[in-house]
Every structure is written in structure tokens, then in C-alpha cells.
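*Asks:* Handing you a structure now.
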Ligand code: PMP
């Protein structure tokens, strides 16, 4: 029995995890699970990596905390210098925070402050329908999941939403797959014009949609067309790489797949692999110059944290030394093929998609019409539990409860996952899905 004093979202007893090693989690009874969720698509270098723990401990014993707006430190500067060449922004300036939502909140303030400093009172950001950017108010405003937003709508202001590239349910089926990227860019431009071009501060989107719609890779013409529209209207491009950053999609940052050079980038999950709550808001040099000149006032108690920087640096060095970004590309392709193979005879599979070690399975009630299962069936929860019984932990995508898509399972194992483990993940997940969909009548 767990403690009743832990505020949890309910839904029964949780498995108590004792420890982890590599891609495996072990519960207090000694049962082993393959962590195909990577926590919450967080863990890149694997569980139980002593090298990271030692780097964090060594920094904490030298000094655990200095106030980030008053002091700098060698470790923070070393981390920023190591990371900068890997980021897809021009002359990047890195603002470390405590997680993804804080990174997105920071980015939203930065884009507004940037325009104000240039004499433009731009007060609207454009996000995409179906997206997820965090649970704090600003991040939820720009998010496009109706189910998550509904209770808080009176508080969610300053954001509009446009279409999102979602190959399986393309908003522009007539042009799909050739030319729909351009149609999405036209839809964005229509949104900008409807709001009033002088009011739009930024367009916020994941280069590969992870959390909301589940590993949706846009067509190649999408980002060039969208970026062109944004540049023409003076709208900053914010790439939310909280889920896709640090090798998750087989490149350091998913922006690289498309030659995307954002003005602002957010990161947060793979950044410190879960060993420290570390997020990043990054701006390009030109954006930074405007902000610095105007005196951008911002900060959290735990921003620029020195133990966070030491942890992030240790993770970065391991990703580089062990070639884990390349491993993500390779093992991602293996996982994608294995899922296709194992799920081929399982009924109710709508789509298997993704890039690198960010893969998703969309479950539907009817493969012909692509109709989702009624929410009342709580399918994604049941499948997640059945997979766990098969020894595989999957990640149900946040907020897939508003009927606009099928139930979504995300797979984002640690980048150190072995060939055997990849095969076991696909086989175990297929058994779990089959068990539930079989009994749901297909
Ligand atoms: N943006 C994206 C793309 C995310 O996937 C998430 C987390 N799922 C967030 C922002 C919010 O991050 P956090 O939960 O660390 O606040």
C-alpha cells in the first residue's frame, strides 16, 4: 500500500519502483520491466548511470546552489559552451530552467519582450491544434488539446491555433501527401491575417509532434513553407524540442531533419536524462541582443542551477562519447520495423509512426473509417496496464481524450536500448495491445 499523503491522479495502486539499470526498471518485488516509455520520454543515457550521479554529487559537494542572476560558475559556462555548437540556432544563448513548462513560459515571455523592445506590441502566439506544450497557464494557452484546456479556458488567453501536420488524419486530404505542407503554411498565414499581422509575436510548434498527437513527422515541405510565412510577417519561430531534443528522434534536435533554424528553442526531457529537473529556453544571438539591450527581467529561484549544469554536462558528454544520437536513429528504425511486424496481425491498429526512438501506435475502433474508440472504454489506460503486465512500460499520450484522434501509445525507450530489448518491447507491447483489443472485440 502506498502513502495516502502523496497527491496522485488516482487510478489505483502504482507499482513501486526500486531501481533501474539501462533500459530496465525493477520494482520492489524484484520484477523487471522494459522501460519503453523512458520515464516520460525523458531518459536518454539510461537508468542507473553512476557517472552522471557522481558528476551531480561532486558539484553539490563543492557548492549546491548559487543564485543564478547574481553569480556565474565554471560548470555553467562549460555546459553552455559544450551545448551551443549542437543547437540549431544562430549563436545560441541558453537560459536553464527546471523543466519543459518553465522553458515554454520563459520562451513566451521572451518573444513578447523581444517585440516590445522593438516598439511592437504583439500580444498573440499561434500554436497548433492537438499540441501539448505544458500544464502551466501560458503553456496550456498555446497548447491545442481541447480536453486539457476546457476547465481552464477563462484563464487561457493570448493564443490562437492553426492546423497541424498529421499524416494519418491529414486536414487537407486532397493535397496529401504532396503539397499539404504548403497548405498548412497557408492556413497559418490565414490565422495570422485573421488575428492581425502586427499582433502575432510567435508561432510555437514541435518540429516532430510528440506529446499531443504522437510522433507525427511533418512532410518535408512543411517547415520551409511555414518558416517563410513567419519571416515575412515578422513572427518568431519557437521550436518546442522538450520531447524531441537531445537525440530522441535520431538527430541532436528534430529541427535538423528539416533544416529548421528557429529563433527560440525549448528543451527539457532528455536534457539531463531525468537525473535533474533541467529545462532550457534558448534564443538566437540576434533575439538575445534585442532582449539584453532592453533589459529582460525574468528568472526563477532554480534557474541556472549549478548541479543541473553539472548533470546536463555529464549527460551531454555520454551522448557524444557513446554515439547515442546515432544509436537512436538506428534503434528507432529497428523498433519501427519490429512494431510493424509484431502488430501486423493485431486488430485495431490504425497507424505506427515516428522518427528515431520516438515512435507511436494509434489505436482505432474501425481501421476503415479510422473512428476512435469511445472514451468511456478507457482503452489507452487498459492497454498501458496490459503492456505492463507483459513487462513493457509504454507511455499513454497526454490528453488524447477529446475524440479527435485514436488512443495513442508512445514508445520512447532510453537511447541505450539493445537490439534484444527493442525486439522484446515490440513483442510485449503487441501482446498487451492484443489482449485488450481482442477482448474489446477488435
Ligand atoms: N512541451 C512538450 C513538447 C512536452 O512534451 C512537454 C512534456 N510532455 C512539455 C512541453 C512540458 O514539460 P514539463 O512536463 O517538463 O513541464
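Rule-based calculations on the coordinates, nothing more; no lab input. Just so you know, these numbers come straight off a predicted model, no measurement behind them. Cβ sites come from the backbone with ideal geometry, for glycine too, and all protein chains shown count toward neighbours.
*Asks:* Would you work out the relative contact order for segment 268-353, in percent, from Cα pairs under 8 angstrom that are 6 or more residues apart?
*Replies:* It comes to 28 percent, rounded to a whole number.
*Asks:* Report, for the chain, the % of DSSP beta bridges that are antiparallel, rounded to 5.
*Replies:* Just about 65 percent of them are antiparallel.
*Asks:* Here's another thing I want to ask about it. What share of the DSSP beta bridges in segment 213-361 is antiparallel, in percent to the nearest 5?
*Replies:* Roughly 75 percent of the DSSP beta bridges within segment 213-361 come out antiparallel.
*Asks:* What FRET efficiency would be calculated for the residue pair residue 418, residue 220, taking the C-beta separation as r and a Förster radius of 30 Å, to the nearest 0.05? Numbers along the way, then the final one.
*Replies:* Numbers: r = 32 Å, r/R0 = 1.05.
FRET efficiency, residue 418 to residue 220: 0.45.
*Asks:* To the nearest Å, what is the center-to-center distance of segment 1-68 and segment 320-376, using C-alpha atoms only?
*Replies:* Going from one Cα centre to the other spans 25 Å.
*Asks:* Let me ask you something else. Describe numerically, in nm with one decimal, the distance between label points set 7 Å from Cα along Cα→Cβ at residue 337 and at residue 77.
*Replies:* 4.8
*Asks:* Working out 0.36 nm times the residue gap between residue 40 and residue 14, then minus their Cα-Cα distance, what length gain in nm do you get to one decimal?
*Replies:* Extra length available between residue 40 and residue 14 comes to 7.8 nm.
*Asks:* Answer rounded, prolate or oblate for the chain, using the Cα gyration tensor with square roots of eigenvalues a ≥ b ≥ c: rounded when a/c is under 1.5, else prolate when a/b is larger than b/c, else oblate.
*Replies:* Taking the square roots of the gyration eigenvalues as a ≥ b ≥ c, the chain is oblate.
*Asks:* With runs of 4+ DSSP H residues as the only contributors, calculate the mean residue ellipticity of the chain at 222 nm using -39,500 (n - 2.57) per run, divided by the residue total and rounded to the nearest 500.
*Replies:* Working: 13 runs with 160 residues, N = 442.
The helix contribution divided over the chain gives -11500 deg cm²/dmol.
*Asks:* What is the fewest-to-most order of 128, 232, 169 by other Cβ atoms lying within 10 Å of their Cβ?
*Replies:* Final ranking by Cβ density, sparse to dense: 232, 169, 128.
*Asks:* Can you give the three extents of the C-alpha atoms in segment 2-52 along their principal axes, from longest to shortest, in whole Å?
*Replies:* Sorted largest first, the three principal extents are 34, 23, 20 Å.
*Asks:* Kindly identify segment 1-140 as rounded, prolate or oblate by the Cα gyration tensor criterion: order the square roots of the eigenvalues as a ≥ b ≥ c, call it rounded if a/c is under 1.5, otherwise compare a/b with b/c, prolate if a/b is larger, else oblate.
*Replies:* It comes out oblate by the Cα gyration axes.
*Asks:* May I pose another question? Working out 0.36 nm times the residue gap between residue 186 and residue 64, then minus their Cα-Cα distance, what length gain in nm do you get to one decimal?
*Replies:* Computed gain between residue 186 and residue 64 is 39.0 nm.
*Asks:* Another one. Give the shape of segment 189-228 as rounded, prolate or oblate, defined through the alpha-carbon gyration tensor: a ≥ b ≥ c are the square roots of its eigenvalues, a/c under 1.5 means rounded, and otherwise the shape is prolate if a/b is larger than b/c and oblate if not.
*Replies:* In terms of gyration-tensor shape, prolate.
*Asks:* Alpha carbon centre of segment 240-281 versus segment 113-185: separation in Å?
*Replies:* Segment 240-281 and segment 113-185 have Cα centres spaced 19 Å from each other.
*Asks:* Now, a different point. Please sort 287-294, 374-381 by packing, taking for each peptide the average over its residues of neighbouring beta carbons within 10 angstrom, highest first.
*Replies:* Per-residue Cβ counts within 10 Å, averaged per peptide and sorted highest first, yield 287-294, 374-381.
*Asks:* Express in nm, to one decimal, how much length is gained between residue 194 and residue 321 on full extension, taking 0.36 nm for each residue of separation and deducting their alpha carbon distance. Display every interim value, and only then the final one.
*Replies:* Details: separation 127, 0.36 × 127 = 45.72 nm, distance 4.88 nm.
Between residue 194 and residue 321, full extension yields an extra 40.8 nm.
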